[in-house]
Amino acid sequence: MRTSGEHRGGWAALTLCALGIVGAAPPGRAAETDAEAAQAATLARIRDAAMTQEWAFRHLRELTDRIGPRLSGSPQLAAAVTQVAAAMRSLGAEVSLQPAKVPHWVRGAEQGELTEYPGQPPGITQRLHLTALGGSGATPAAGLTAPVIAIHDFEELQARAAEVRGRIVAYDSRFDQRLADNGRAGDAYGQAGQYRFRGPARAAALGAVAVLVRSIGGADYRLPHTGATVWQEGQTPIPAAALAAEDSDLIMRLAAEGPVQMKLLLTPRLLPDADGNNVIADWRGRESPDEVVIVSGHLDSWDLATGATDDGVGVLAAAAVIEVLRQLDLHPRRTIRFVGWTNEENGGRGGQAYFASVAGSLAKQTAAIESDEGAGRSLGLNAAITAESEQTLRPVIDALRPIGATSLSRTEGEVGADIFPLQEAGVPGFAPLVDARHYFDYHHTAADTLDKVDPVNMNTQVATMAVLAYYLAELPTPLPRLAAEARHR
Ligand SMILES: [Zn+2]
């Protein structure tokens, strides 16, 4: 338990150094309090500037209205790189593009219909709402027709392994909206997500001809949710698609009564790797410019919509941190480095390329922040940090109190996919802790559009990242790194 008095001396000492006015301040308690107050005032100005700026939402609109979907390898993602790099240059940041080869998967035609099922009237088929998973293989150009095997979980897949060959496996693993409703959307996604991530590969290994997975999401608008699937080394991808939840229910009801057969047409293509880029924009530190604090989000998105919440909102909230510092003419001790990552959705190559570029100087990477949990209000911080660092971050939480972003959730796990390689090397990792109760209603669907973003909520993310990034960039010594054993737990 924390008591408010016990660590005040520690924060004050730190604050004095952080403000760089140790020499100027008279000794004693009153001076410490002044320094603390000065720091609190600076953090409050950052918070207020973040909450009142309109730069973030305006640039999110530019990205989504003028460019739209941004899948790796697409001309739209290249245009987004150009657009965001120009915006960062106009803020006065030092901008560079960091190349990374990215997978180039392109969606094709996608259709499915039930061609035989119990009680089927003569001449009737039923059209299904589905969309190919990223990385899916293709059916023959005329489609394929095969019996469906309805599977609820991996245990059932194993138990019925002998029945899988030659069939279309339909997984019906539900997204648990109760978890999402109670602040555990990530857990719900992780649980149901296993069937999208690994289900197609496991079914293919047993001889399935195609795979359908129930969409991972909580809403009821008959929307299929795409997303990447992962094949085993050397495995030939088979056709794999997400079904709208309602259509998965339909197949399960019919399959419980007797044989179901379907026709599936998917014609995606996997092209040779394409050229991609991370956008890097440095707000140069005044004392230790070679030491960096990263603020980031990913610039790529799925192709069904404009990627407003995944992750237009995160990448432009992170970019707006630089706009806030520019407005206030604040130049902290270390460099604050905005990164717009490429290829988070179907490869992670941007995060890998960045990590490779700094692998020889990891000590200079002092902290990394990534926003990629949707457009909800910030409730505080997800932080992969040591236990002692919680106390150090107290002034950040105090500054965020007026906007209600006061929760500090310490974790030893991944807080952002693109910064995870840095986290694994011990770099403290952060993400805004976001209200994600409705994130998975639209996640990876055709409905991930600008209207789902509330500019005020977006600004709470800007404020959270701006206050945190400035504070971390101003600390006299960086936060301690995480020990290897903790990271791999
Ligand atoms: Zn994302």
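The values are calculated or read from the model by the stated rules, or taken from the named source; none is laboratory data. Since the structure is predicted, the reported quantities are computational estimates derived from the model, not experimental observations. Please note: Cβ atoms are built from the backbone with ideal geometry, for glycine as well, and neighbour counts cover all protein chains shown.
Suppose the filter is in contact with a helix residue (DSSP H, G or I) (Cβ under 6 Å, 6 or more places away or on another chain) and surrounded by fewer than 18 Cβ atoms within 10 Å (Cβ to Cβ); does L328 pass it? Taking the combined requirement at face value, the residue satisfies it. Pairs are defined by a Cβ separation below 9 Å, a sequence spacing of at least 6 or placement on different chains, a first member in the range 288-308 that is within 18 Å of A78 (Cβ to Cβ) and in a loop (DSSP other than H, G, I, E, B), and a second member that is basic (K, R) and within 16 Å of the ligand (Cβ to nearest atom); the pairs so defined are L299/R70; D300/R70; S301/R70; W302/R70; D303/R70; T306/R70; G307/R70. Only one entry of G374, G340 meets the criterion of being on the phi > 0 side of the Ramachandran plot and either at pLDDT 95 or above or out of contact with any helix residue (DSSP H, G or I) (no Cβ under 8 Å at 6 or more places or on another chain) (or both), and that entry is G374.
Only one of the listed residues (T236, T229) is in contact with a Lys or Arg (Cβ under 9 Å, 6 or more places away or on another chain) and not aliphatic (A, V, I, L, M). That residue is T229.
The set of residues in the range 371-413 that are within 16 Å of the ligand (Cβ to nearest atom) and within 16 Å of L482 (Cβ to Cβ) contains only N382.
Among the residues examined, A399 does not qualify as under 17 Å from the mean Cα position of the chain (by Cα), at pLDDT 95 or above and not in a strand (DSSP E or B). Assess whether R184 counts as being surrounded by fewer than 17 Cβ atoms within 10 Å (Cβ to Cβ) and either acidic (D, E) or touching a residue at least 24 places away in the same chain (Cβ under 8 Å) (or both). No. Looking across A363, A367, one residue alone is away from the ligand (no atom under 16 Å from the Cβ) and assigned to a strand (DSSP E or B). It is A367. For the range 203-217, the set of residues classified as assigned to a strand (DSSP E or B) and not charged (D, E, K, R) consists of A210, V211, L212, V213, listed by residue number.
Which helices (runs of 4 or more DSSP H) sit wholly inside the range 410-489 and have at least 1 residues that are buried (at least 21 other Cβ atoms within 10 Å of the Cβ)?
Working: elements: 420-424, 439-442, 455-474, 484-487.
Because the criterion is at least 1 residues that are buried (at least 21 other Cβ atoms within 10 Å of the Cβ), the helices (runs of 4 or more DSSP H) in the range 410-489 that meet it are 420-424, 439-442, 455-474.
Among all positions in the range 299-306, there is at least one residue which is among the acidic types (D, E), within 25 Å of the chain's Cα centre (by Cα) and either crowded, with 22+ Cβ neighbours inside 10 Å or within 16 Å of the ligand (Cβ to nearest atom) (or both).
Only residues that are over 22 Å from the mean Cα position of the chain (by Cα) and modelled with pLDDT under 95 were counted across the range 174-220, and they come to 1. Hey, among the residues in the range 328-353 that are touching a Pro at 6+ places or on another chain (Cβ under 8 Å) and in a helix (DSSP H, G or I), which one's nearest to the ligand (Cβ to nearest atom)? Taking the candidates together, the pick is G351.
Which of the residues spanning the range 307-327 are away from the ligand (no atom under 16 Å from the Cβ) and closer than 23 Å to R377 by Cβ?
Within the range 307-327, the first condition is being away from the ligand (no atom under 16 Å from the Cβ), and the residues that meet it are 320-327.
Result: A320, V321, I322, E323, V324, L325, Q327.
In the set (1) touching a Ser or Thr at 6+ places or on another chain (Cβ under 6 Å); (2) more than 16 Å from the ligand (Cβ to nearest atom), the condition left unmet by K452 is number (2).
Out of the residues in the range 420-433 that are of a type outside the set (D, E) and more than 26 Å from Q39 (Cβ to Cβ), which is nearest to the ligand (Cβ to nearest atom)? Quick ask: steps written out before the conclusion?
At the first step, the residues of the range 420-433 found to be of a type outside the set (D, E) are 420-423, 425-433.
From what is left, the residues that are more than 26 Å from Q39 (Cβ to Cβ) are 420-423, 425-426.
Details: F420: 13, P421: 16, L422: 17, Q423: 16, A425: 22, G426: 24 Å.
Residue satisfying both the conditions and the ranking: F420.
Residue selection: S288 fails the criterion of being within 15 Å of the ligand (Cβ to nearest atom) and of a type outside the set (A, V, I, L, M).
Selection of helices (runs of 4 or more DSSP H) fully inside the range 74-181 by the criterion of at least 2 residues being within 24 Å of D273 (Cβ to Cβ) returns 75-90.
Results for (1) outside the structural domain of M458 (by TED's automatic domain parsing); (2) in contact with an Asp or Glu (Cβ under 9 Å, 6 or more places away or on another chain); (3) closer than 28 Å to V358 by Cα; (4) part of a loop (DSSP other than H, G, I, E, B), shown as yes or no for each residue.
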| position | (1), (2), (3), (4) |
| --- | --- |
| G380 | no, no, no, no |
| A383 | no, yes, yes, no |
| A387 | no, no, yes, yes |
| P395 | no, yes, no, no |
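The single condition from (1) part of a loop (DSSP other than H, G, I, E, B); (2) exposed (fewer than 15 other Cβ atoms within 10 Å of the Cβ) that G285 fails is (2).
Does the range 438-453 contain at least one residue that is touching a Pro at 6+ places or on another chain (Cβ under 9 Å) and within 20 Å of D282 (Cβ to Cβ)? The answer is no, given that none of the residues of the range 438-453 is touching a Pro at 6+ places or on another chain (Cβ under 9 Å) and within 20 Å of D282 (Cβ to Cβ).
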